[in-house]
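Worksheet: one structure, shown below.
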Amino acid sequence: MAAAARGPPLSFAMMRLSFVLLLLLLLLLVQSGGGQKKKENMLAEKVEQMMEWSSRRSVIRMNGDKFRRFVKAPPRNYSVVVMFTALQPQRQCSVCRQANEEYQVLANSWRYSSAFSNKLFFTVVDYDEGADVFQQLNMNSAPTFMHFPPKGKPRRADTFDLQRIGFASEQLAKWIADRTDVQIRVFRPPNYSGTIALALLVSLVGGLLYLRRNNLEFIYNKTGWAMAALCVVFAMTSGQMWNHIRGPPYAHKNPQNGQVSYIHGSSQAQFVAESHIILLLNAAITMGMVLLNEAATSKGDVGKRRIICLVGLGLVVFFFSFLLSIFRSKYHGYPYSFLIK
């Protein structure tokens, strides 16, 4: 009888416990739903703000606060391409200005294309407007292009290899397509400078031929044709075609110490200034060889021929040594050795 009397209070306690647990579960569901709703509202607000900025300007300028809120902080369902640069005149970064022009072409191509959406945004962080961002990312060079995916942190492939590939809009578009699956067709504004230059050149040559129409023996001048052929050879062996295809920077300036590098340290890339230096070195070596040949084949004064020979030899030795030192700095491990077993 005593055990039966204790039965109802135990059942009542179990009902109270179940009721409390049910209330706690409902409270958690309400909080979770409210948090999810808040996150969705925050995401919609961020996307709306990014679209508004993008409608005004193809490349959105950001400072440290905007970068942390719209690029780094979740929630985010869009990709962001950021160019870290230093465009202020006191920075004297000519490469940054050239890269910015290509970046603007790419951003405009995306902004005014029919495929434009809120999946991808182009932004820029200038060092003088977001130095804290450079410090946060341990970034010590500019320009630098980075892709921030919708979820997770950027990986190594999300940093564009500018030194090896260059900063041409087409190369950037290909890199973005690999990272985001967004295909961008680059549309460049019309540039008539090449057409005008070609028209002026044709007019100049045509006028010269017309003025010399009674005496066209200079066309058969072997020296003139040899000089023209050498100019083409110098341009091609110095890497001008590589510059035209890849669009590398003219030089690299370290933003920390201001040191300018004209020779790229890797054998897989080069600067425009480097190709100019190689062209001048090849021209000087060729001039030395021509002088040596002149000293050996001419029949003039012996003393004069000796001076020409010494000058030619000096040109070949000095400038070829300089050229070899550049080769050694780019191709590490030179001179090569073979192990014979």
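The values are calculated or read from the model by the stated rules, or taken from the named source; none is laboratory data. None of these values were measured; they are calculated from a predicted model. Positions of Cβ are generated from backbone atoms using ideal geometry, with glycine treated the same way; all protein chains shown enter the neighbour counts. Ligands, DNA and RNA are excluded from the accessible area calculation, which covers all protein heavy atoms including side chains. Shrake-Rupley method; radii C 1.70, N 1.55, O 1.52, S 1.80 Å.
Mind running the shape call on segment 222-276? Use the C-alpha gyration tensor, a ≥ b ≥ c as the square roots of the eigenvalues: rounded below 1.5 for a/c, prolate if a/b tops b/c, oblate otherwise. Walk me through the numbers before you get to the answer.
Details: a/c = 3.65, a/b = 2.57, b/c = 1.42.
Note, shape of segment 222-276 comes out prolate.
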- Would you compute the Debye intensity of segment 210-328 from its alpha-carbon atoms alone, equal scatterers and no solvent, and pass along log10 I(q)/I(0) at q = 0.14, 0.18 Å⁻¹ to two decimals? -0.79, -1.00
- Message: Mean-square fluctuation check for the chain, GNM, Cα pairs under 10 Å: which of Phe160, Phe318, Phe19 is largest?
- Response: Phe19
- Cα centre as origin, Lys/Arg/Asp/Glu Cβ charges: the chain dipole, Debye: 640
- Query: Lys/Arg Cβ at +1, Asp/Glu Cβ at -1, dipole of the chain taken about the Cα centre: which of Cys309, Ala73, Val182 is farthest positive-ward?
  - Reply: Ala73
- Item | Accessible surface, per residue, of the chain when the full set of protein chains is kept, probe 1.4 Å, Å² | 66
- Pick from Pro249, Pro190, Pro74: which residue has the top mean-square fluctuation in a GNM of the chain where Cα pairs under 10 Å get a spring? Pro190
- Within the accessible area of segment 172-312, what % is carbon and sulfur when the probe is 1.4 Å and the other protein chains stay in place? 64
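If the convex hull of the alpha-carbon atoms of segment 152-291 is projected onto planes in all directions, what is the mean projected area in square nanometres?
14.0
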- Which Cys residues of the chain have no other Cys beta carbon under 4.7 Å away? Cys231, Cys309
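Return the percentage of antiparallel bridges among DSSP beta bridges fully within segment 73-231, rounded to the nearest 5 %. If you can, show how the numbers build up before the last one.
Details: 6 of 13 bridges.
Bridges in segment 73-231 that DSSP calls antiparallel: roughly 45 percent.
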- Message: Could you compute how much accessible surface Lys66 exposes when probed at 1.4 Å, giving the result in Å² to the nearest 10?
- Response: 70
- Query: Across segment 69-82, in residue order, what do the Karplus-derived ³J(HN,Hα) couplings come to in whole Hz, using 6.51 cos²θ - 1.76 cosθ + 1.60 with θ = phi - 60° and x for Gly and Pro?
  - Reply: 7, 9, 10, 8, 7, x, x, 7, 10, 10, 8, 10, 9, 10
- With every protein chain left in place, what is the accessible area of Tyr127 in Å² (1.4 Å probe, nearest 10)? 90
- Task: Only Lys, Arg, Asp and Glu count, each charged at its Cβ (+1, +1, -1, -1), so figure out the dipole size of segment 27-130 about its Cα centre, rounded to 20 debye.
- Result: 300
- Message: Please report the antiparallel percentage of DSSP beta bridges with both residues in the chain, rounded to the nearest 5.
- Response: 45
- Just Asn293, Asn138, Asn215 to compare: in a GNM of the chain, with alpha carbon springs under 10 Å, which one fluctuates most? Asn215
- Task: Determine ³J(HN,Hα), in whole Hz, for all residues of segment 123-133 in sequence, where each value follows from phi through the Karplus function 6.51 cos²θ - 1.76 cosθ + 1.60 and θ = phi - 60°; x replaces Gly and Pro.
- Result: 9, 9, 10, 8, 4, 6, 10, x, 4, 5, 5
- Note on the structure: Non-local residues with an amide H under 5 Å from the amide H of Ala86, with H modelled 1.01 Å from N and Pro and chain starts lacking one, are Tyr127
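What is the Cα radius of gyration of the chain over 2.2 N^0.38 Å, N being its residue count?
This ratio for the chain stands at 1.66.
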- Item | Whole-Hz ³J(HN,Hα) from phi, Karplus 6.51 cos²θ - 1.76 cosθ + 1.60, for segment 211-221, glycine and proline x | 5, 9, 5, 8, 8, 9, 5, 5, 5, 8, 6
- Folded to 0 to 90 degrees: helix 7-56 orientation relative to the chain principal axis, Cα: 30
